[in-house]
Every structure is written in structure tokens, then in C-alpha cells.
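Below is one structure; the comments refer to it alone.
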Amino acid sequence: MSLQEFFAMGGYAFYVWAAYGITLAVLAANILIPVMQRKQWLRRQLSKHKRKEG
């Protein structure tokens, strides 16, 4: 089996690589979205705290 045959996946390359790509995108989103939401929440809490002090 050559490298080209491996990447062609027996004629199903588009479906296989699209599935890998979608899976990778979902996994990345499952990591990045909560991190971004936490940062936003921390910024809001800091802003509320500063308003109470000032």
C-alpha cells in the first residue's frame, strides 16, 4: 500500500477526511468555547467588583 493509496482511502477519501475534520472541529470547540466563556465571566466579575469599590 502506497501513501497515495492510504490517503485515497479506497475511493472514500472525501467522506473519511471530512469526518476527521468535523470531529476535530467539534473537539476544538468543546475546549475553546468554555475557556472563552470563563474569561468573559471573569472580566464581568472584575468589572462588577471595581464598580462596587469605586
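The values are calculated or read from the model by the stated rules, or taken from the named source; none is laboratory data. On a predicted model such as this, the values are computed, not experimentally measured, just so you know. SASA here: full protein model, heavy atoms, side chains in, ligands and nucleic acids out. Shrake-Rupley method; radii C 1.70, N 1.55, O 1.52, S 1.80 Å.
A few comments on the model shown:
- Residue among V35, V16 that alone is of a type in the set (V, I, T), assigned to a helix (DSSP H, G or I) and at pLDDT 95 or above: V35
Here is a yes/no grid of residues against (1) among the polar types (S, T, N, Q); (2) at pLDDT below 95; (3) open to solvent by less than 100 Å² (accessible area, probe 1.4 Å); (4) on the phi > 0 side of the Ramachandran plot:
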| residue | (1), (2), (3), (4) |
| --- | --- |
| S2 | yes, yes, yes, no |
| G11 | no, yes, yes, yes |
| K39 | no, no, no, no |
| R43 | no, no, no, no |
| R51 | no, yes, no, no |
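- Hits in region 1-13 - residues which are part of a loop (DSSP other than H, G, I, E, B) and over 28 Å from the mean Cα position of the chain (by Cα): M1, S2
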